[in-house]
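The values are calculated or read from the model by the stated rules, or taken from the named source; none is laboratory data. The model shown is predicted, which means the values in this text are computed figures rather than measured ones. Cβ atoms come from the backbone with ideal geometry, glycine included; neighbour counts cover every protein chain shown.
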Amino acid sequence: MKRLWAAAAILAVLLGGTLWNAWYAERLTGGMIQQLKQAQERTAQGDWEGAAELSEQAFQSWQDHEAYLHILMRHSDTDEILSSFRALEQYLALEETDQYTAANAELMTQLELLAEMEQPSLVNIF
């Protein structure tokens, strides 16, 4: 009977960790997406400096959580997002509206998909 309880406890801990990771990934990427949306609005108003600042804050948040992201997420996904942040930085510096808008939309989608992969759903399980 002790083995059953030990197995149930281990399963509960793993389930709790999985649910926490899904919640945390959603919270982390959601904050970055909000900053990138605000940056997009700033570029529409012609405030490229403000957009660069908000994008830099989103990138800094990514950097601050790099260990977590590289341990628990697929490296190919995190590398792709890092490249997208770098491209976004260049488009902001050049004030290229069309390229910036496309790159920003792609980056936000990548962040959404990263969080979505961690959510417990039938699509992710099977």
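Observations on the structure shown:
- Sole exception among (1) among the aromatic types (Phe, Trp, Tyr); (2) within 27 Å of Leu14 (Cα to Cα); (3) in contact with an Asp or Glu (Cβ under 9 Å, 6 or more places away or on another chain) for Trp48, by number: (2)
- Inclusion of Asn124 among residues that are in contact with a helix residue (DSSP H, G or I) (Cβ under 8 Å, 6 or more places away or on another chain), modelled with pLDDT under 95 and in a helix (DSSP H, G or I) is warranted.
- Residue match in segment 60-68 (condition: in a helix (DSSP H, G or I), surrounded by 15 or more Cβ atoms within 10 Å (Cβ to Cβ), out of contact with any Phe, Trp or Tyr (no Cβ under 9 Å at 6 or more places or on another chain) and among the aliphatic types (A, V, I, L, M)): no
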